[in-house]
Amino acid sequence: MPVGVVCPECLAEQQKGQRADNVRRLPGRISRKLRSDRPIVTYAILIVTVAAYLIGLIPGIGPVVRGLLLFNSAYVYPGLPGGSFEPWRILTVTLVHATPLPFHVALNMLALWALGRSLEPLLGRWRFLALYLLSAAGGSALVALIAPGTTVVGASGAVWGLLTAMLIIGRNIGVNVLPIAILLGINLVFSFVGTGISWQAHVGGGLVGLLVGWIFARTRPVKRQPLQVSLLVGVAVLLLVVTVGVPPLLYR
């Protein structure tokens with residue numbers, strides 16, 4: 001309708017009526033939760049990750065669980081001598097952190113909490129989850145390509161993906177991304193100069209985060225949502241092929 005036909009008071013009243021209609025369609029508590037901007041996925045990832053860390057501290061059980069979840073390229077190279085095919089490790093690596101000191105898991109979960117509170121309401125729950133998982137897969141992929149045989153643990157690759165995606169998305173919507181860029185630069189320096197840090201996982205997750213963030217920014221209109229889904233599926237397939245298929249050809 002033409003601009004100016006509806007007065008602000010009438011429009012506010014109309015929107016209020018629409019919200020009331022939506023509330024009446026669902027039970028009160030459920031409708032409030034569905035409309036909530038709370039970062040539910042962020043909290044769920046945080047809870048599951050901390051629970052996995054605590055289980056990893058249990059004598060006898062912990063080392064076994066950690067051994068089943070950590071990532072090493074030998075576990076995703078089918079057909080190689082001494083290798084096995086356990087592709088879930090590409091993602092479950094995010095659930096395993098260095099023990100017994102909690103600094104590793106605490107820093108990653110703090111970053112997840114800080115980034116997720118902004119990104120998840122902006123992207124939506126499923127897109128945020130896709131970004132987190134694809135970034136984790138990106139970290140595993142680069143470790144497999146550049147550091148075969150290296151055992152890595154932690155959610156750093158996934159967190160780096162959130163950080164770089166926020167850089168792209170923030171720039172696209174006109175937010176000042178300078179603080180994000182500075183934080184990213186500082187973390188990049190520490191990734192290379194720090195000891196016991198897998199820079200491959202950080203850079204791999206960050207590169208995928210940039211790509212996924214660019215996809216989200218370029219496919220914002222509703223009519224482009226099918227393209228968005230197709231591109232995300234394509235990224236997932238590409239990462240799986242790179243992680244599982246390419247290294248055996250390079251290091252046979």
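The values are calculated or read from the model by the stated rules, or taken from the named source; none is laboratory data. The shown structure was predicted, so the numbers you read here are calculated from the model rather than taken from an experiment. When we count neighbours, we look across all protein chains shown, and the Cβ atoms used for this are built from the backbone with ideal geometry, even at glycine. Calculation scope for accessible area: heavy atoms of the full protein, side chains included, ligands and nucleic acids excluded. Shrake-Rupley method; radii C 1.70, N 1.55, O 1.52, S 1.80 Å.
So for each of 47-60, 103-116, 196-209 I average, over its residues, the number of other beta carbons within 10 Å; can you give me the resulting order with the highest mean first? Could the numbers behind the result be given before it?
Details: 47-60: 14.4, 103-116: 17.7, 196-209: 23.4.
With the highest mean Cβ count within 10 Å placed first, the list reads 196-209, 103-116, 47-60.
Determine the equivalent ellipsoid of the range 52-155 by diagonalising the alpha-carbon gyration tensor, then write out the semi-axes as square roots of 5 times the eigenvalues, largest first, rounded to whole Å.
On the way: eigenvalues 123, 74, 24 Å².
Each semi-axis is √(5λ); the values are 25, 19, 11 Å.
Can you list residues from other chains, or at least 5 along the same chain, whose modelled amide H is less than 5 Å from the amide H of VAL76?
Amide H neighbours of VAL76: SER84, GLU86.
What number in nm² do you get for the range 211-250 if you take the convex hull of its Cα atoms and divide its surface by four?
2.9
If you roll a 1.4 angstrom probe over the protein chains with everything in place, what fraction of the accessible area of the range 131-171 belongs to carbon and sulfur, to the nearest %?
Exposed carbon and sulfur together represent 64 percent of the surface.
Cα atoms only, the range 113-193: Rg and Dmax in Å?
Considering the range 113-193 through its Cα atoms, Rg and Dmax are 13.6, 42 Å.
Can you tell me the alpha carbon radius of gyration of the range 182-226 divided by the globular rule-of-thumb value 2.2 N^0.38 Å?
Rg over 2.2 N^0.38 Å, computed on Cα atoms: 1.58.
Which of the peptides 156-163, 143-150, 170-177 is most tightly packed, and how do the rest follow, going by the mean number of other Cβ atoms within 10 Å of each residue?
156-163, 143-150, 170-177
Give the accessible surface of the range 107-227 per residue, rounded to a whole number of Å², with probe radius 1.4 Å and ligands, DNA and RNA excluded.
Counting only protein heavy atoms, the per-residue value for the range 107-227 is 48 Å².
Provide the descending list of Cα extents for the range 138-252 along its principal axes, expressed in whole angstroms.
45, 32, 19
Report ³J(HN,Hα) in whole Hz for each residue of the range 217-230, in order, from the Karplus equation J = 6.51 cos²θ - 1.76 cosθ + 1.60 where θ = phi - 60°; Gly and Pro get x.
5, 8, 10, 5, x, 4, 5, 9, 4, x, 5, 4, 4, 4
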